[in-house]
Amino acid sequence: MLALLLLLAPPAAAAPQRVVSINLCADQLLVALAEPSQIAGLSPLAADPALSAVAARAGAFARVRPNAEAVLALSPDLVIAGAWGGREAEAILAGRAIPVLRLPLAEDFPAIRAQILQAGEALGQAARAAALTADIDRRLAAIVPAGGEPVLVWQAAGFTPGHGTLADAVLVAAGRANAARFAGYGTIRLEALLAAPPSLLVLPTLARGSTTSLAETLLLHPALAALPVRRIEPSWLACGGPESVRAAEALAR
């Protein structure tokens, strides 16, 4: 009887073999979970070391602009998109019966775990996704929390993540308090920062050999030399994912 039921059961869906990502955060999940042979293309930002945590590995794959014509040229059987952008392309792809997995922003560790598992299921890589989330849990549990001192994450042009953001979740995991007094994202001017300095200022590491943008020159202001500063890779806070744990580990020290 069991053998008959197995014969009558519908076959399991085959894992996609030509997956295209059109979003930086989707790039990172795809590279982390998929077999290289499954990856047909990544977004243009995937190979940018200033933003992408998988830049070193992204060079092995084609890059594709997030428009329907470019994506269709790669004959995908699954397209992964982010929270914003690519809506027009998604509508055209749907008309061609090409599935699109749209991933929302992952702004805390429960959302990061859920997104990894969702992507792993879509890629036919559920076991890898489960192993990755287990590793994240293990590493978070191993963090020795800092003493709760107020920390400010300050980025180009004074852009600052407040409460309820990914950076805030990273600070909580590290045992720190977010010195920003607002929810969501905002801007803190240099004068305001110096008038009420945090116990620690977290700045992004600037890429060596690259031209500093006008927005980034603020991060090199001489007045910051008087403050305790910790620099971390900007890609660790760009997207919710495995690199978010690296940020928490670095900020707990």
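Key figures for this structure:
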quantity: For q = 0.12, 0.18 Å⁻¹, Debye-computed log10 I/I(0) when each Cα of region 150-252 counts as one equal scatterer; calculated: -0.35, -0.83
quantity: GLU69/GLU191 FRET efficiency (R0 30 Å; Cβ-Cβ; nearest 0.05); calculated: 0.05
quantity: Radius 13 Å from Cβ of GLY59, net charge of other residues (Lys, Arg +1; Asp, Glu -1); calculated: 0
quantity: Length released on extending from ARG230 to THR217, taking residue separation times 0.36 nm less the Cα-Cα span; calculated: 3.0 nm
quantity: For the chain: relative contact order, % (alpha-carbon pairs under 8 angstrom, 6 or more apart); calculated: 18 percent
quantity: Of SER43, SER213, SER235, the one that fluctuates the most in a GNM where the chain has Cα springs shorter than 10 Å; calculated: SER213
quantity: Counted charge near VAL153, where neighbours are those whose Cβ lies closer than 14 Å (Asp, Glu -1; Lys, Arg +1); calculated: 0
quantity: Tilt relative to the chain, helix 109-123 - C-alpha long axis, 0 to 90 degrees, to 10; calculated: 30 degrees
quantity: Qualifying trypsin sites (Lys or Arg not before Pro) in region 56-114, DSSP loop, other Cβ atoms within 10 Å at most 13; calculated: ARG96
quantity: Whole-number percent relative contact order across region 150-252, with pairs defined as alpha carbons under 8 Å at least 6 apart; calculated: 33 percent
quantity: 14 Å beta-carbon shell around GLU249, net charge (K/R +1, D/E -1); calculated: +2
quantity: Top positive-direction residue, dipole computed over region 16-108 with Cβ charges, set ALA55, LEU74, ALA32; calculated: LEU74
quantity: Max mean-square fluctuation residue, GNM over the chain, Cα-Cα springs under 10 Å, options ALA58, ALA157, ALA169; calculated: ALA157
quantity: Region 16-108: relative contact order as a whole-number percent, Cα under 8 Å and 6+ apart; calculated: 30 percent
quantity: Per-selection Rg to Rh, region 30-112 - Cα, Kirkwood hydrodynamic radius; calculated: 0.96
quantity: Taking only Cα atoms of the chain, radius of gyration then Dmax in Å; calculated: 20.6, 78
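Every read-out reported here was derived from the displayed coordinates using simple, explicitly stated rules and does not represent laboratory data. Just so you know, these numbers come straight off a predicted model, no measurement behind them. Because the Cβ atoms are built from the backbone with ideal geometry, glycine has one as well, and the counts that use them run over all protein chains shown.
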